[in-house]
Structures are given as C-alpha cells and as structure tokens.
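To start, the structure itself, in structure tokens.
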Amino acid sequence: MKRHFAPETVSVVKNGTGSTRREFLLATLGLTVTGAVAALPGRAFAASVIHASDAVKQFVRISQAITEHKHLDVALAARFYEVLAQRDTQFVPRVAQLDALITSEITAQDFLAKASSAGLHDFLYQIVTAWYTGTVGMTITARWWLTNRR
C-alpha cells in the first residue's frame with residue numbers, strides 16, 4: 001500500500017550549495033556531453049594530420065632535421081605547411097628539393113650547408129623562423145622598419 005504525503009511534509013535535502021544531487025549529476029552530464037561534442041572537430045583534424053599527404057610528411061622531416069627535434073607537433077607542422085604553401089608558389093617543389101638532401105644521420109649544420117649550396121638557404125630559414133617564432137612571413141613591425149628606414 002502506497003503512502004501519500006502532503007507536499008509540505010516532504011523535504012528536499014540540499015547539499016549546502018543550493019542544489020540537489022540530481023541537479024548536480026544532470027549538470028555534470030551536460031558538461032560532459034558538451035565537452036565531447038566540442039572535441040569532435042579537433043579529433044577530425046588530428047585524424048587528417050595523421051593521414052597527411054607526402055608533402056606534409058616531407059615538411060615534418062625537413063623540420064626535424066633542421067631543428068634536431070624529433071618530436072614536433074604534426075598539427076602545427078600541417079598549419080605551417082598550409083600557410084607557407086599559400087604564400088609561395090614554389091614552396092612545394094622546394095620542399096621536395098630539401099627533402100632529397102636529408103640523409104639518415106644528417107646534422108642541422110650539415111643540412112644547412114647542403115641547403116645553402118643548393119640555393120635554398122633563405123627558404124630553409126623561413127621554415128626555421130616559423131618553428132622558433134610561430135610566425136610566417138614578416139611581422140608588421142619588421143615590415144614597417146624595412147619601409148621606413150633611411
């Protein structure tokens with residue numbers, strides 16, 4: 001037999017924060033679902049980077065050789081590659097030229113020397129600059145300085 005209580009006799013116990021356990025669990029579930037949905041585009045981009053084109057893989061090999069860091073962020077490398085390729089029509093063939101210069105145990109100094117002799121010194125420096133400064137091309141300050149110096 002069910003007992004029926006009048007609404008004024010049932011007390012909802014609060015946990016000191018002004019919410020019940022059920023409200024807390026629902027809010028936690030909502031945040032979890034929101035976080036999972038927000039992470040989906042990032043996972044799709046990461047998956048596309050893992051299956052990157054051969055040219056991006058060449059760019060990563062070049063970057064590893066010149067910086068002597070074997071664990072570079074592949075997603076960042078793909079972004080650098082994309083921006084540099086948009087800015088320079090000769091970027092893709094130059095990347096292939098640089099990649100052909102890499103041997104299994106090449107040092108950054110030797111790689112720079114080989115790139116210089118192949119006429120790719122400045123091009124290689126663009127890649128190094130991207131990795132160490134996080135910028136591609138001239139900054140606004142550098143552009144102003146070059147145009148306004150006397």
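Every read-out reported here was derived from the displayed coordinates using simple, explicitly stated rules and does not represent laboratory data. As the structure is a prediction and not an experimental result, all values here were calculated from the model. Here Cβ is always computed from backbone atoms with ideal geometry, including for glycine, and neighbour counts include all displayed protein chains.
Points worth noting:
- Overall form of region 53-148 per C-alpha gyration tensor (a/c, 1.5; a/b vs b/c): prolate
- In plain terms, the chain from Tyr125 to Thr107 could stretch by 4.9 nm, reckoned as 0.36 nm per residue minus the Cα-Cα distance.
- Highest to lowest packing among 69-75, 53-59, scored as the average C-beta count within 10 Å: 53-59, 69-75
- Sorting 94-103, 22-31, 127-136 by their mean Cβ neighbour count within 10 Å, with the most densely packed peptide first, gives 94-103, 127-136, 22-31.
- Rounded to the nearest 20 debye, the dipole size of region 53-148 about its Cα centre is 180 debye, using +1 on the Cβ of Lys and Arg and -1 on the Cβ of Asp and Glu.
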